[in-house]
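Just so it is clear, none of the values below were taken in a lab; they were calculated from the coordinates. Please read all numbers here as calculations on a predicted model, not as lab measurements. Note that each Cβ is placed from the backbone with ideal geometry, even for glycine, and that neighbours are counted across all protein chains shown.
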Amino acid sequence: MRILTEPDGIRLAVTDRDDGNLGLHAGPDPAAAQARRRRVERDLGVAAGRLLFLEQVHGTAVAAADEAPTIPAESAPSRERELAPIADAALTRTGRPLVVLTADCLPVLFATEDPSLAAVAHAGRRGLLDGILPRVLEALAAAGAERIRAWIGPGVCGSCYEVPESLAAEAEAILPGIAARTAWGTASLDLPGAARTQLTATAERLGLRLGIFSELSACTLEDPDQFSHRRAPGEGRLAAILVPQPRSEPPARTQPQAQPHPDGVDAAPHRRDHEQQRGGHGR
Ligand SMILES: [Zn+2]
């Protein structure tokens, strides 16, 4: 697992084949995949069942992560799937840890100037063409974000993602620039490139400041450490994870309360420190 810690304390992580399959629907052993989910939570200091896995369907819905339940201990893998929001993106305003699973599709992780406000998206060919990434930026803007950092995680690259000429032409008509050529000269789609173009255009339309980062990128088909549906269908899914900073007070409260803490500790200075920290970073 590669882990990246940002100056504001949020953490980003991507798992690989050494960490094992994390998809309950993929791979031969859902119980083992579920146990690996709990191990990843432990390794990241996330409470068991709190990492919000989605039931991904190649759609464009953005789940409200703060309304999703914690997975109770001893839940069967089938029960864990039933409790998962049916969506390919999720947004938290309170710092709920988020994850998407992929094997060639693109995971994209979104942080904002508020370390409790973050989002993740699973963007395959279908989701990208249908506009899941603009939906996520719109949802973040509606939640008050103005400065966004986006990490494009491991996915199949434009030099590898071979598709029929007709499919490349159809995709190009919807998202100009997505059509590319493989290293061996046939038609392909450049999902990472198209994601960058689309994110940049959407941020401009919405008046958002956007930085796009590739520290977590890799080509899943070329890199044997990654799960790749094209190389080994059904072998498993890798996880792209974002652990925001938990919000220490209800987001609706605007007036700091100067009441003494029940334990005799004055909580107000801490709250001021926290707000300075939240407002004090950016790029
Ligand atoms: Zn490649």
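If you go through the range 135-167, how many residues are away from the ligand (no atom under 16 Å from the Cβ), aliphatic (A, V, I, L, M) and not in a helix (DSSP H, G or I)?
Kept after step one, since they are away from the ligand (no atom under 16 Å from the Cβ), are these residues of the range 135-167: 135-151, 164-167.
Next cut, aliphatic (A, V, I, L, M) only: 136-137, 139-143, 145, 148, 150, 167.
Next cut, not in a helix (DSSP H, G or I) only: 143, 145, 148, 150.
Final tally of qualifying residues: 4.
Here ALA89 fulfils each of the conditions (1) within 16 Å of the ligand (Cβ to nearest atom); (2) in contact with a His (Cβ under 8 Å, 6 or more places away or on another chain) apart from (1).
Whenever a residue of the range 188-205 is under 14 Å from CYS160 (Cβ atoms), its partners that are charged (D, E, K, R) and assigned to a helix (DSSP H, G or I), lying with C-beta atoms within less than 9 angstrom and at least six residues away or across chains, give the pairs LEU189/ARG125; LEU189/GLU172; LEU191/ARG125. Here ILE132 meets the list (1) of a type outside the set (D, E, K, R); (2) more than 26 Å from THR94 (Cα to Cα); (3) surrounded by 23 or more Cβ atoms within 10 Å (Cβ to Cβ); (4) away from the ligand (no atom under 16 Å from the Cβ) almost entirely, failing just condition (2). Under the condition of being within 16 Å of the ligand (Cβ to nearest atom) and surrounded by 17 or more Cβ atoms within 10 Å (Cβ to Cβ), the residues counted in the range 218-252 number 10. Exactly one residue out of GLY144, GLY153 is crowded, with 21+ Cβ neighbours inside 10 Å, of a type outside the set (Ser, Thr, Tyr) and under 30 Å from VAL243 (Cα atoms), and it is GLY153.
Residues that are more than 23 Å from GLU138 (Cα to Cα) and either without any contact (Cβ under 8 Å) to a residue 24 or more places away in the chain or exposed (fewer than 14 other Cβ atoms within 10 Å of the Cβ) (or both) within the range 63-86 comprise PRO69, THR70, ILE71, PRO72, ALA73, GLU74, ALA76, SER78, ARG79, GLU82, LEU83, listed in sequence order. The set of residues from the range 223-248 being within 22 Å of GLU6 (Cα to Cα) and in a loop (DSSP other than H, G, I, E, B) comprises PRO244, GLN245, PRO246, ARG247, SER248. Selection of the range 118-135 for residues being closer than 17 Å to PHE53 by Cα and in contact with a Phe, Trp or Tyr (Cβ under 9 Å, 6 or more places away or on another chain) yields ALA118, ALA119, VAL120, ALA121.
Of all the numbered requirements in (1) within 16 Å of the ligand (Cβ to nearest atom); (2) over 25 Å from ALA90 (Cβ atoms); (3) in a helix (DSSP H, G or I), ALA183 misses one, and that requirement is (3).
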